[in-house]
Each structure stands twice: as C-alpha cells, then as structure tokens.
Amino acid sequence: MPAPLGRALVLTGSVGSGHTRAAQAIVEAMLRANHAEDAEVVDVLCHAWPVFRTLYRDAYISMIERAPGLVGWLYRSSDTTEGGSTRRSIQRAALARMRGIIASERPDTVVCTHFLAAELLNGMVARGEWRGLFAVVVTDLDAHGLWAACPRADRWFVALPETAEILVGKGVPRERIVVSGIPIMGAFSAPQSPRAEIRARIGLPAEHPMILVSGGGVGVSRLEQTLEALLGLDMDCGIAMVCGKNDALRARAQSVVDRFGAGARARCAVIGFTDRMHELMHAADLSVGKPGGLTSSEALAMGLPMAVLNPVPGQEERNSDHLLEWGVAIRLNSPESIRWRVATLLSDGPRLAAMREAARNRARPFAADTIVDSLRRMRLGEGEAPAPLPFNLEKTRAPRAGRATTPRVTR
C-alpha cells in the first residue's frame, strides 16, 4: 500500500533552533510510521537572498541580545492578520528559489514549522503554483498573528486548547485546528540510561543535585554573571553548561570555570554541541535558560523543572506565563538573586518533586505522532483520532521499534 503522505517536505526557518527541531521530529515520526515515501527537512532561509537572510535571521537574533524592548514592540505591533501585502511581496521575491524548488519537486505533503514558510506556501496555493496537503505547526505555547496569516492551510497543529482559541479569534476555522502539543524527537520519550551513569560520563558527581544550563538560553551578555552565580552556590552540586556550536561562548564559559578553580563547591562541565540533550535533561534536577517552545516541551516530557531566565519579550514571555501558572517553573528576574533562588529550590525536595510531577502531567511527548496520524487520516478521508491519552498512560507505552530513526536534515 502506498504511503498516504507520499513525498513530504517539512519547511522550517533557522531563526533559533526550535523550529528546525520541530521539523526534524515530524520527519522522524513520518519515517518511523512509514506514512511517507520520502520526507525531508528544508530550511527556507538557506534558499533566500543573502541580504534577506541576514536581516530576517541575524539581525533579529542581534536585536534579542541588544534591544529586547524593540523585539517586544515588534511582536506586539505585528500580532495581527490585517495588511502585510508589502511583507509578503518582499518574501515572495526573496524566496523565489524556494518557490521554484517546491514547484518543480511537487511534494504531496508540506508541513511548515515556521510562519515564514507557511506564508510562502499559502501564496503558492493561492496562485495555483502548488497544491497538496498543507499543514502548519505552531511551535510556541501561544500563537502570534503571523501563524494565522495562511488561510489556505488544511490543518493547524497547536500546543494547547488556549492556543486554538487564539487562532480561532484570529480567523482560523475551528475545524481545521488540532490540539496536538509541540512535536519533539522520540528520544525524549524513550528509556534513558541511569542518571548516575550519564553524570559520570560528563564528569559530574552522581550524589549531588545537577543544574543544566543552556548557553544560548542565558544570552551572551548574561553568561558570566549567571555562571558565576551558580558556581558560587554554597552547596555541593554539578552544572552542565551546554554552549552548542558557539565556540566563543564555550571559551568564555570555560574561562569563568577556570577562574573559580577547585575552590568552588559546584563542579561545572562545559559542553559544546551535543545530540544527547534528552540524556542531560534526564540526569538534571533543574534547567536554567530561556523558555522556547521546543525547549519547554522537551523539559516537560522529561519531568524537568525550569528556572526561566531572560525570556525574549513576546512569545517567550507568554510561554513563561504558562509554565509559571502550571507550577513547573520559577522565574529568575534579578541577577543578584539567582544564587539564592536556585539554592532555595534545590534544597526543597518536596517542591522539586511537585514540579516534576506537574511537568509530567503537562507533557505531550507523542505530539509528532499525533500530527502525522492526523495528516494520514485526513489524506485517507478518515475522521480525527481520539484526543491524546493523559501523560501517565502515554508514558507507559512500550517503546516502538525504530523510535530513534534519524531523518535527513536540510539540503
């Protein structure tokens, strides 16, 4: 029997890593279930004019660091489905190469995990340049107006019932929305190695609390003061500082660690790029960093309490509001109190346990499977599947064969 989704493209935009991680999770789920003949993640910005790519991605990331207030203003002022014709015209021209790829390859299914890709595809459908199964996956707990600016989409997949209500209020037909959760890789729901073994592998003590710090989540300007605060904790603990592919950030973090030397009660492992975040989250007692939609969903799936630091005004602040309301996170508002707040939380075993349980109760670790199955049902003309099982039932499912399938990523 032919794969119901045929040839699939999952389009993303590399503004941060969350949109791409969501795309990879969807491709992984498609291939694991054999619902697609072929599935591929494509970053639309890789096929954009260089100047457009620089302004859209690099300038935005720079603004987050240098002018977060401006980012918040842009988020609020653009949170509408009205107007935007000039923006769409520029995007259409800047992404002409991407439009050509889609028109020539003629995929049967296209899923978009970034609103730039969704607007591009919406215009192609409107002009008759492509037609197939068209889905949009919202990668934050809240929904900005740009996620609704693609009325030709067949399905929207969102994190929460409240997210669905936001989209309905912005004009998206309710019957086209599925509350799936945010898609994350299968590794976050697979059996994990013992925590002590993971900690030993990175040189951290097994018997003391462990803090997982995302270098990108801290932000370059706050790296030193955050790491200094944690290294100055008056308690035995381990810190895993993940810096990704940012070599300069890693060097700065290591410099701070070296400056503290052996006198610190906290031991810190500075880590570069890793594809084992699921293991680090499993081994940790607390995560410190930004509340991106993907990072938050991964932490929830691992039952990991969060300390929200320096959220981006707009979407991350709104994500933070949900996490605080659910009792799965604290917010670190003042650099001067980071040490005290983290120490107080790590010393409170019952509170940490309650936060872990609250996180597990909010998790949707099989969101990618829900999305793919919904698309399969739509392609075959079946009705929607029942609502996802509660977390504690889903988590006890036997692991599926091939859960760790690795998709092809970008071209």
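Every read-out reported here was derived from the displayed coordinates using simple, explicitly stated rules and does not represent laboratory data. Only a predicted model underlies this, so the values are computations on that prediction, with no experimental measurement involved. For neighbour counting, all protein chains shown are included, and Cβ atoms are generated from backbone atoms with ideal geometry for every residue, glycine included.
Using Cβ counts within 10 Å as a stand-in for footprinting exposure, how do Met98, Met378 rank, fewest first?
Met378, Met98
Working from Cα positions, state the angle (0 to 90°, nearest 10) between the long axis of helix 85-94 and the longest principal axis of the chain.
Approximately 90 degrees, to the nearest 10.
If each DSSP helix of 4+ residues adds -39,500 (n - 2.57) and the sum is divided by the residues in the chain, what number results at 222 nm, nearest 500 deg cm²/dmol?
For the chain, the value works out to -12500 deg cm²/dmol.
Test of understanding: ordering Tyr75, Tyr60 by Cβ neighbours within 10 Å, fewest first, what list do you get? Write down the numbers at each step before the final one.
Working: Tyr75 19, Tyr60 15.
Fewest-to-most Cβ neighbours within 10 Å comes out as Tyr60, Tyr75.
I need the shape label for the stretch 315-360. Rule: rounded when a/c is under 1.5, else prolate if a/b > b/c, else oblate, with a, b, c from the alpha carbon gyration tensor.
Judged from the Cα gyration tensor, the stretch 315-360 comes out oblate (a/c at least 1.5, b/c at or above a/b).
How do Phe260, Phe157 rank when sorted from fewest to most other Cβ atoms within 10 Å of their own Cβ?
By the 10 Å Cβ count, ascending: Phe260, Phe157.
What does the charge count near Met277 come to, summing +1 for each Lys or Arg and -1 for each Asp or Glu among other residues with Cβ under 12 Å from its Cβ?
Value of the local net charge: -1.
Measure nothing fancy, just the Cα-based angle from helix 115-126's long axis to the longest principal axis of the chain, in degrees from 0 to 90, nearest 10.
It is inclined by approximately 10 degrees.
Label the stretch 279-334 by shape, choosing from rounded, prolate and oblate, from the square roots a ≥ b ≥ c of the eigenvalues of the Cα gyration tensor; if a/c is under 1.5 it is rounded, and otherwise prolate applies when a/b is larger than b/c, oblate when it is not.
On the way: a/c = 1.74, a/b = 1.57, b/c = 1.10.
Here the stretch 279-334 falls in the prolate category.
Assign one of three labels to the stretch 191-362, namely rounded, prolate or oblate, based on the Cα gyration tensor with a ≥ b ≥ c the square roots of its eigenvalues; rounded applies when a/c is under 1.5, prolate when it is not and a/b is larger than b/c, and oblate otherwise.
Rounded, because the longest to shortest axis ratio a/c is under 1.5.
Angle check, please: helix 315-326 long axis (alpha carbons) against the longest principal axis of the chain (alpha carbons), in degrees 0 to 90, nearest 10.
Result, in degrees: 60.
Can you give the net charge of the other residues whose Cβ lies under 11 Å from the Cβ of Leu300, counting K and R as +1 and D and E as -1?
Local net charge: +3.
Where the centre of each part is set by its Cα atoms, how far does the stretch 71-85 sit from the stretch 264-313, in angstrom?
If you average the Cα positions of each part, the centres end up 30 Å apart.
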